[in-house]
1. When only C-alpha pairs under 8 Å and at least 6 residues apart count, what is the relative contact order of the stretch 128-240, in percent?
2. Pop out the ³J(HN,Hα) list for the stretch 49-54 in order, Karplus 6.51 cos²θ - 1.76 cosθ + 1.60 with θ = phi - 60°, rounded to Hz; leave Gly and Pro as x.
3. If the elastic network links every pair of Cα atoms under 10 Å, which of Glu111, Glu134, Glu379 fluctuates the most in the Gaussian network model of the chain?
4. On the protein heavy atoms, probe 1.4 angstrom, tell me the percent of accessible surface of the chain carried by carbon and sulfur.
5. Angle check, please: helix 111-122 long axis (alpha carbons) against the longest principal axis of the chain (alpha carbons), in degrees 0 to 90, nearest 10.
6. Between helix 361-371 and the chain, what is the angle of the helix's C-alpha long axis to the longest principal axis, kept within 0 to 90° and rounded to the nearest 10?
7. With an 8 Å cut-off on Cα pairs and a minimum separation of 6 or more residues, tell me the relative contact order of the stretch 3-94 in percent.
8. Which of the aspartates and glutamates could a cross-linker bridge to Lys161, judged by Cα under 17 Å and excluding same-chain residues fewer than eight apart?
Amino acid sequence: MSDIDQFRQQTRTWLEANCPESLRTATPEGELVWGGSTVDFPSADAQLWFERMRDKGWFCPQWPVEYGGGGLSPEYNAVLESELRRLKCRPPQINLGIWMLGPVLLEFASEEQKRALLPPMTRGAIRWCQGFSEPNAGSDLASLKMSARDAGDHFVVDGTKIWTSYGDKSDWMYALVRTDLSASKHLGISLIVLDMRSPGVSVAPIDLISGKSVFCQVFFDGVKVPKSQLIGPLNGGWNLAKRLLQHERSAMSKFGEFSLPTHFHLLPLIRQYLPEPTTPAEHALYARAVACAMDEHTYNLTVQRMGEEARSGQDISGLMSIMKLVHTEQERDKFEVLLDALGYRALGWDDEVFSAPEQAITRAWLNSFALTISGGSSEVQLNVIAKRVLGLPDAK
């Protein structure tokens, strides 16, 4: 037996012994576990799974052991992911810091910063949010205005960030700030990390048409941030931001069939509410549903292929924008089909906890439009694809 086959057998045995049976299903609405200084577990099994994966170092299986990771090679990590999918294990935790900031710290942070910031991530002890977008600086992110003024051994941060996911529940933020007001807009930006409990930080949740949302606006009024929390070079944050956004677009693809399960399964719901199409309109609707399901399956297979390409050392950074664009547009199309098929039966709204997944479809449909904007709008992704993938010149 080869080493990797032996690892597969050991991994399979460990997962079968440690992942509770109740967590080998799609994740119901409201039962995701978010890592942080305080963790709300929906069940004792969820806490057990969290603690066992944490202690195994498999929150960050590919990160170096010295920072609390699992130290797995890409090949061995692929085996772990395959076995997690085979058992249909729920994610033990969700942590934006691990998905987005962590890879940037591994690449650009000082050794002292890595040892301070990465181990809490690998323990699921810090919940992170992203401070990038601002009013009038969304798609044109480089026009951001929030400033970090040099005050000796620290910066003084003033301004605001908007569309900050889970800003009201996060412990720390990674943020882009303007540190040189005289430089051109791309050159005067730095990346910092800051404690959300710092004096001068205030958070206001944002309600959307779909109901309560995860978005917030965060205000900074004379917030002191130690210079040791500057990541990478001063005024060199734009390059780090581009790297982080690549990881963000990759992370958004985790909400797919092979990673973060969804309870909105398209074909079973269509078959339930449209079991035997008879009219031309019903046949057309059923054909749309099958086409959406095929697109979704093709997308998930492509995600797997991209993972293999990344593990072989190929540069897939430009493809992240394609995947983000395709995935969010597919999600919107899927919910359009579901609404057409279910009609009045999809009108659940008032209750926060729905007794059946179809009762939450209206909100999910409305939220699918937001997903085409968050992480870079579809229009921005098309521009990125044109320049970085197709090599087309800028419009004149």
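1. Computed over the stretch 128-240, the figure is 30 percent.
2. Couplings: 4, 4, 5, 6, 5, 4 Hz.
3. Glu111
4. In the chain, the share of accessible area belonging to carbon and sulfur is 54 percent.
5. Helix 111-122 sits at roughly 30 degrees to that axis.
6. Taking Cα atoms only, the helix is inclined about 40 degrees.
7. 37
8. Of all the aspartates and glutamates, those that pass the test against Lys161 - Cα under 17 Å, at least 8 places apart if same chain - are Glu134, Asp140, Asp171, Asp195, Asp207, Asp221.
The values are calculated or read from the model by the stated rules, or taken from the named source; none is laboratory data. Model, not experiment: these values are computed from the prediction. Neighbour counts run over all protein chains shown; Cβ positions are idealised from the backbone, glycine included. Each accessible area value is taken on the protein alone, full model and side chains, heavy atoms only, with ligands, DNA and RNA left out. Shrake-Rupley method; radii C 1.70, N 1.55, O 1.52, S 1.80 Å.
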